[in-house]
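Here the structure comes first, spelled out in structure tokens, and everything after it is commentary.
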Amino acid sequence: MPTLKPGDWKVMVDQAWIRKDNIGTIANISPNIDAISPKPGTAGSTFAAVITGTSLTGATAVTYGGTACTGITVTGSTQINCTFPSKAAGAYPVVVTTPVGSSKQHMYPVA
């Protein structure tokens with residue numbers, strides 16, 4: 001499927017990112033984080049995490065408490081695997097960034 005730019009398009013399908021009308025509008029959909037596992041993370045060490053959500057395709061960055069995660073692998077529009085940086089016990093915001101925009105902060109605990 002070609003990359004579509006925002007604007008008015010005639011559409012024949014009804015997908016999450018297309019409003020079904022005679023004329024549909026292709027909207028930029030920001031990424032959304034639904035869950036992160038394992039929960040909680042391990043304090044004082046890096047750990048592998050799986051982020052699930054929507055519109056994650058093309059993720060260019062994941063931050064955890066303002067620090068970049070490493071080893072980011074986008075496995076589809078609904079999942080990202082990465083390594084979270086070491087943090088002290090507490091809860092920190094996770095943010096996913098794609099070319100469309102950034103997700104809302106998703107608080108993730110470390111124990």
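The values are calculated or read from the model by the stated rules, or taken from the named source; none is laboratory data. Nothing here was measured: the structure is a model prediction, and the numbers come from that model. Methodologically, a virtual Cβ is constructed for each residue, glycine included, from the backbone with ideal geometry; neighbour enumeration extends over all protein chains shown.
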Task: THR57, sole failed condition from (1) modelled with pLDDT of 95 or more; (2) β-branched (Val, Ile, Thr); (3) under 8 Å from the mean Cα position of the chain (by Cα) - done: (1)
- [ ] Keeping to region 33-52, report how many residues are surrounded by 20 or more Cβ atoms within 10 Å (Cβ to Cβ) and modelled with pLDDT of 95 or more.
- [x] 4
